[in-house]
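The values are calculated or read from the model by the stated rules, or taken from the named source; none is laboratory data. All values derive from a computational prediction rather than experimental measurement. Cβ placement follows ideal geometry from the backbone for every residue including glycine, while neighbour counts extend to all protein chains displayed. For the accessible areas, the whole protein counts, side chains as well, though only heavy atoms, and no ligand, DNA or RNA atoms are used. Shrake-Rupley method; radii C 1.70, N 1.55, O 1.52, S 1.80 Å.
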Amino acid sequence: MAEQLAIHGGQQTVTHDEPERWERPVQKEKDLVNDLIDRLEISAAGSGLPKEFEDAFADYTGAKHCVTLNHGSTALEAAYYAVGVGPGDEVITPTAGYIGAYAGALHMGARPVFCEVDPDTLLADPADIESRITDRTAAINVTHWNGRVCDMDALLEIRDRYEIPIVEDAAHAHGSYWDGEHIGTVGDICCFSLQGVNPYGKPLAGGEGGILTTNNDEYYQRQLSYCHLHRSGMREELTHEPYTHLDYEVLGKKYRSHPLAIAFAKVGLETLEYRCNRRIAYRKQLFERLADIDAVRTVKTYEKSDSGGFYGGLRVVFQPDEMPGVDAETYVSALQAEGVDAGGPGFHYMEHLRYQFKQGYDLWGNDRGPLGGEFCGLPTYEGYSKGDFPVSEELDQRVIILPSYIEPKPGHLDEVVAAFEKLEANAEQLAAHSPTKTL
Ligand SMILES: *Cc1c(COP(=O)(O)O)cnc(C)c1O
């Protein structure tokens, strides 16, 4: 029987306002933070709590080297320096991406070269990356969005064939694995963010902070020399040329983490696995039930990927052919009206359509930099336009964001599924009220 949709004034399907029942161990955070204040350990690098946490995270991931920084984005900047990105280079990065993932390379004078995503996984498409490699490509940047791991086999194969390092943005992937190996040990150099507060911040969150991991001694020493001035024990760690000649003030930059932020992350590490496993179970249940909903397709993960974390929620893609006369925007509004905390449609951003990448930009003033005229071997910047990335741009109209939960209130998942079922059963009603769209 036809039911009035909530968007048209009918009864809302989802009844709970705040479904998440998991609570942060706030007392533990307070105890550790107070302890640091009492001991006046509020600045330390290579020692004290930051070092304890680095050892714990290295242990957890299996990474040979692990170092904390003040942000995920500065960890990425240090990673670009580590792999040798400089003026006149190109760095490939997905347009369905994030500016903070590659800004570090841009400010070193490298030009971002955007690429497409794989429509099944919404992650950087290795074949498309390969088609954009030139003799100026100095790094490939990929993001393990929402904890879903990129196709590391294909990416590492490209790395080996072209000898181009992969800089991984694992801001969402503290609990993710590829073929049984923890992210942070699979590729060349990997950066995590500690931004925000749990349960909705980065999988490990301490307000602000970052982590860099690598198994590569050269990359490790090079990033130490870049931004870890005054770090305890660093002089002894700098054994490679030319870093070994530097003193303890190295190259003068200081991107160390704040111990109070690391205190949160250290407490968070105790529950990371639990939170990831609960979210994986939630996704599995939800996606199994959404398989019966024709109007959306659930986003896939690669077979070898085990993904935890789920920062930024889960992704499904609206299927307009299955719901004639309804567009993704109306569909999302109808879900929201039913009480589903849905977002979108769309990716975070289409990077190539930001002003500076469409028009070019005088980055350093006086007509200098990688987004203007000829620069350090780079040809004049051509700029991007709408239509340059048909796969990503088309998906950008249809990607829907759904929250994932650690301990959802009992019955919540059933109600979310019921909301999708209600729209499915009343598709004609939804179409009749949709703004008519000529395609
Ligand atoms: C959060 C985030 C970063 C870096 O974050 P900081 O806020 O600098 O810690 C990088 N990439 C992605 C995709 C992110 O979400």
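Pull up the cross-link candidates among the aspartates and glutamates for residue 64, meaning alpha carbon to alpha carbon under 15 Å and not fewer than 8 places away within one chain. Hits, sequence-local ones excluded: 52, 54, 55, 181, 188, 217, 218, 237.
Can you give the extra length, in nm with one decimal, that the chain gains between residue 394 and residue 407 once fully stretched, where that is 0.36 nm per residue apart less the Cα-Cα distance? Intermediate values should be presented prior to the final figure.
On the way: separation 13, 0.36 × 13 = 4.68 nm, distance 3.42 nm.
So the extension gain works out to 1.3 nm.
Compute the distance from the alpha-carbon center of region 285-355 to that of region 370-412, in whole Å. So the two Cα centres are separated by 15 Å.
Run through region 116-202 and list the chymotrypsin sites (Phe, Trp or Tyr not before Pro) located in a DSSP loop whose Cβ has at most 14 other Cβ atoms within 10 Å.
Values: sites: 145, 162, 177, 178, 192, 200; in loops: 200.
Listed in order of number, the matching sites are 200.
Classified by the C-alpha gyration tensor, region 26-270 has an oblate form. Its axis ratio a/c, with a ≥ b ≥ c, is 1.5 or above, and a/b does not exceed b/c.
Name the shape class, rounded, prolate or oblate, that the alpha-carbon gyration tensor gives for the chain, where a ≥ b ≥ c are the square roots of its eigenvalues, rounded holds for a/c under 1.5, and otherwise prolate holds if a/b is larger than b/c and oblate otherwise. Before the final figure, lay out each step's value.
Values: a/c = 2.26, a/b = 1.37, b/c = 1.65.
It comes out oblate by the Cα gyration axes.
A helix-only calculation puts the chain at -10500 deg cm²/dmol for mean residue ellipticity at 222 nm, using -39500 (n - 2.57) for each DSSP H run of at least four residues, averaged over all residues. Per-residue surface analysis assigns residue 197 an accessible area of about 80 Å², computed on protein heavy atoms at 1.4 Å probe radius.
When the chain is fully extended, how far beyond the present Cα-Cα distance does residue 236 get from residue 217, taking 0.36 nm per residue of separation?
Numbers: separation 19, 0.36 × 19 = 6.84 nm, distance 1.32 nm.
Answer, rounded to one decimal: 5.5 nm.
Among 72, 411, 62, the residue with the largest mean-square fluctuation in a Gaussian network model of the chain, with springs joining Cα atoms closer than 10 Å, is 411.
Taking Cβ atoms as reference points and 10 Å as the exclusive limit, the residues near residue 227 contribute a net charge of +3, counting Lys and Arg as +1 and Asp and Glu as -1.
With a simple spin-label model that places each label point 7 Å from the Cα along the Cα-to-Cβ direction, the separation between residue 56 and residue 251 comes to 3.1 nm. Between 180, 343, 84, the residue with the greatest mean-square fluctuation in the GNM of the chain (Cα pairs under 10 Å linked by springs) is 180. If you run the Gaussian network model on the chain, springs between alpha carbon atoms under 10 Å, then out of 139, 337, 425 the most flexible one is 425. The residues of the chain expose, per residue, 43 Å² of accessible area to a 1.4 Å probe.
For the chain, the dipole from Cβ point charges (+1 on Lys and Arg, -1 on Asp and Glu) about the Cα centre works out to 940 debye, to the nearest 20. Summing Lys and Arg as +1 and Asp and Glu as -1 over all other residues whose Cβ lies under 10 Å from the Cβ of residue 88 gives a net charge of -1.
Ignoring any ligand, DNA or RNA, what whole percent of the accessible area of region 26-270 comes from carbon and sulfur when the probe is 1.4 angstrom? It is 49 percent, rounded to a whole number.
To the nearest ten degrees, helix 26-38 and the longest principal axis of the Cα atoms of the chain are 20 degrees apart. Counting heavy atoms of the protein chains alone, residue 42 has an accessible area of about 80 Å² for a 1.4 Å probe.
Restriction of the GluC sites (Glu not before Pro) in region 10-49 to DSSP coil positions whose beta-carbon has at most 16 other beta-carbons within 10 angstrom yields 23, 41.
For 399, 26, give the ranking by accessible area with the largest first, probe 1.4 Å. Present the calculation step by step, with values, prior to reporting the outcome.
On the way: 399 0, 26 55 Å².
Ranked list, largest accessible area first: 26, 399.
Mind checking which lysines have their C-alpha under 29 Å from residue 409, skipping anything on the same chain fewer than 8 residues away? Straight-distance partners of residue 409: 28, 30, 202, 266, 284, 300, 422. Residue separation of residue 47 and residue 23 scaled by 0.36 nm, minus their Cα-Cα distance, works out to 5.6 nm of gained length.
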